[in-house]
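The next block holds one structure in the form of structure tokens; read it before the comments.
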Amino acid sequence: MLTTMSKIAVLGTGYVGTTTAIMMAHLGHSVRAYDKDAKKLKTLMSGQLPIYEPGLEGYLNQSLSNGSLVLADTLAHSLESAEFIFICVPTPSAEDGSADLRFVLDAVGEASLHLSKGAVIVTKSTVPVGSSEKIAAKLARTDVHVASNPEFLREGSAVEDFLNPDRIVVGAENRNVAQTVADLYGSISSRVIVTDPNSAELIKYASNSFLAIKLSFINEMARLCEAVGADINDVMTGFGTDSRIGQKFTSPGPGWGGSCFPKDTAALRSLGEENSVDLQMIDAALSSNLSTKKHVVARLRKNLGGELSGKKIAILGLTFKAFTDDLRESPALEIAKELVHLGALVTAFDPQSKKQQDFEFELADSIDDASLNAEALLVLTEWPEFREANPEQIIRAMNGDLVFDTRDILSENDWTHYGARFVRMGKK
Ligand code: UDX
């Protein structure tokens, strides 16, 4: 267990901040979280999450009831005698794709006046390489340290990722300071990588960009499999069993999305441009991802006789992946919009995206409702509940027989048994 309990402030209670605050409190630290958005704080205070994240609400309620987590009503209150200040505010993409540091610098500027001597500002948000220096300059305090501790939390499995990380990365000019940040994770057994700030910041971009390249490659192989009559599932198993490649993160899909991959690849590309380094692999991953989304639309159209206009399409899944309510940069949403643009009549069902916003298409309350009279059923997110769909009932209710599963979540045998013309990625 922990040897020392530290006083931690978490600034920003978005996805990363909420998880960091709750899980640091779970590790035994005394945490105060603050956000400018009073509504978010109120929601958290009432024991509810402003985001959907499996397992996290239980830890929130535990830490609220034992007092290890406090939602501070002012910035000053959150920073009172804080030893470590985690910056978890957003770093959106600027027009040119570079990461915008404005919110981080604003937070640091405001915090500067309230910080205790010896405090450590820790950036958790994904910040551009070189940010630590800018933060130190903004702080203008020689008695306060700066460290970078990038997060590698996946939406939908953030609790698991926090408690069982592949590695903990901390970068700081002063390695002793970096080690004190790593020590906050005391009871978690993980490899710790202590490095300089720029390397820590780059590790985050390199990880996400490499994973994006990996997925773009898989999706290209899937297209090739369809063309030459091979099966991506077998090809994937065959080459993934080479331990240098690995079997994780190799599922083909309708393209990668979410709040990190598109933003981080764009930011890395922009960093390359700023430094006159030609990052061709990143460009290729981005354009290949666009081709994947286009390919889904084209394959659907081809299987519907070359025309989408006036055709009713049922879409299953709108979020960028399962176990999240996040629609940011969701390939499913982009594909749905493109189908509408091409004249298709789209009805979508998503377990987590119910009437949250105005879509340009119909939203159904169930799989059955969505598929009524549809000419095709298009699965775009790998929600496990889609497996519960009754193929016999759905095929009967549809006005066609095409089932296009871009996530390989349905049982091909079951669906073809009831008359579906079943199509999946990476198979002819
Ligand atoms: C990612 C990183 O994994 C995480 O370490 C980082 O901190 C934040 O960004 P997240 O955005 O939650 O996490 O999603 P992730 O599970 O990595 O998936 C990203 C995209 O890749 C999704 O669109 C997903 O559907 C797609 N994907 C993932 C596939 O298409 N196939 C796979 O095998 C895995």
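Nothing in this text is a laboratory measurement; each read-out follows from the coordinates by a stated rule. For clarity, every value in this text was computed on a predicted model and none was experimentally measured. Cβ atoms come from the backbone with ideal geometry, glycine included; neighbour counts cover every protein chain shown.
Sorted fewest first by neighbouring Cβ atoms within 10 angstrom, SER270, SER131, SER243 come out as SER243, SER270, SER131. The modelled label-to-label distance for the pair GLU273/ILE245, using points 7 Å beyond Cα in the direction of Cβ, is 3.3 nm.
Computed extension gain for ASP358 through ARG141, at 0.36 nm per residue and net of the alpha carbon distance, reaches 73.5 nm. Between ARG328 and ALA76, the FRET efficiency from the beta-carbon distance, with R0 = 35 Å, is close to 0.65.
Given labels modelled 7 Å from the Cα in the Cβ direction, how far is it in nm from SER187 to SER65? Using points 7 Å along Cα→Cβ, the separation is 1.7 nm. Too long at a 30 Å Cα-Cα cut-off: which of LYS204/LYS294; LYS40/LYS138; LYS134/LYS214; LYS40/LYS124; LYS7/LYS214? Among LYS204/LYS294; LYS40/LYS138; LYS134/LYS214; LYS40/LYS124; LYS7/LYS214, the Cα-Cα distance tops 30 Å for LYS134/LYS214; LYS7/LYS214.
Within the chain, the whole DSSP H helices whose Cα atoms reach 24 Å or more along their own axis and whose mean Kyte-Doolittle score is at least 0.0 are 197-228. Under 11 Å from a label point set 7 Å out along the Cα-to-Cβ vector of LYS36, the amide N atoms of region 68-110 belong to 90, 102-108, 110. Stretching the chain fully between THR237 and LYS117 yields a gain of 37.8 nm (0.36 nm per residue, less the alpha carbon separation). Potential lengthening of the chain between ARG396 and GLU57 amounts to 118.0 nm, from the contour at 0.36 nm per residue minus the alpha-carbon distance.
The relative contact order of the chain comes to 12 percent, based on Cα pairs under 8 Å that sit 6 or more residues apart. The simple Förster model, with R0 at 25 Å and r as the Cβ-Cβ distance, assigns LYS294 and ARG102 a FRET efficiency of 0.15. Relative contact order, whole percent, for region 294-392 stands at 35, derived from Cα pairs under 8 Å and 6 or more residues apart. Label separation (GLU160 vs LYS302): 3.4 nm, computed from points 7 Å beyond Cα along the C-beta direction.
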